[in-house]
1. In debye, nearest 20: dipole of the stretch 1-122 around its Cα centre with unit charges on the Cβ of K, R (+) and D, E (-)?
2. Which of these, Asn147, Asn42, Asn160, has the largest mean-square fluctuation under a Gaussian network model of the chain (Cα springs below 10 Å)?
3. Using a basic spin-label model with each label point 7 Å from the Cα along Cα→Cβ, how many nm lie between Asn60 and His87?
4. Could you check what % of the DSSP bridge pairs in the chain are antiparallel, to the nearest 5?
5. Any idea how far the Cα center of the stretch 37-91 sits from the one of the stretch 106-181, in Å?
6. Indicate the gyration tensor shape class of the stretch 30-73 (rounded, prolate or oblate), computed on the Cα atoms with a ≥ b ≥ c the square roots of the eigenvalues: a/c under 1.5 is rounded; otherwise a/b larger than b/c is prolate and the rest oblate.
7. By a straight-distance test (C-alpha under 20 Å), which aspartates and glutamates pair with Lys145 as possible cross-link partners, with residues fewer than eight away in the same chain excluded?
8. Would you kindly compute the Cα radius of gyration of the stretch 115-155 and its largest Cα-Cα separation (Dmax), both in Å?
Amino acid sequence: MSKAKTLILHGWGGSDAPHWQAWLACKLASNYGTVSFPILDNPHFPNKNRWVSQTKQILNDFKPDTVVCHSLGCVLWFWLASENIFHVKHLILVAPPSTNTNIDTIKSFFPYPIPPSLCASKIDLIVSNNDIYMGIDEAKEMARKYNIQLEILHQAGHINSDSGFGKWEHVLELVTAQDNI
């Protein structure tokens with residue numbers, strides 16, 4: 001299993017079981033991996049400034065090698081990267097929402113910055129061709145801007161437990177491949 005320290009940043013509402021992020025955290029921990037999967041402040045009614053502040057402290061204390069973000073967790077990383085706050089070896093972004101997302105409960109996060117760098121040596125961007133929160137054209141533009149490989153899943157929705165992503169071996173392989181970087 002991975003010897004790297006992995007930080008998992010959930011999205012709006014959290015990513016408790018049966019979400020793939022909860023499965024990933026358990027899988028890494030059960031094999032003596034070092035993982036942090038914090039519940040960010042008030043996940044159902046999040047505030048960008050509180051999440052940024054809390055995550056800065058986690059980064060400072062935990063010093064992860066890998067960060068795995070889902071949805072609003074990706075947006076959180078964009079805010080942190082815009083401050084060039086912390087550099088990681090591997091960043092995995094799954095199902096980031098559109099920069100023009102307009103949902104009242106999470107409006108403090110939008111529009112989010114597109115920082116010059118995502119503060120990572122290796123980046124994986126994974127989206128779905130039918131995610132209601134971000135279209136493929138915007139995802140392709142993001143991948144082009146950062147010169148990263150875009151992985152497009154077919155009919156995977158928002159790549160969460162509602163679309164059948166509980167156990168997800170592929171993301172585990174991405175995280176554990178970090179040891180070879």
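1. Magnitude of the dipole: close to 280 debye.
2. Answer for the Gaussian network model of the chain: Asn147.
3. 2.0
4. 0
5. With the stretch 37-91 and the stretch 106-181 each reduced to a Cα centre, they are spaced 15 Å.
6. Since a/c reaches 1.5 and a/b is larger than b/c, the shape of the stretch 30-73 is classed as prolate.
7. Within reach: Glu83, Asp124, Asp137.
8. According to the Cα coordinates of the stretch 115-155, Rg and Dmax are 10.5, 31 Å.
Readers should treat all values here as calculations from the given coordinates under stated rules, not as data from a laboratory. Worth saying up front: this structure is predicted, and the values here are computed from it rather than measured. Neighbour counts run over all protein chains shown; Cβ positions are idealised from the backbone, glycine included.
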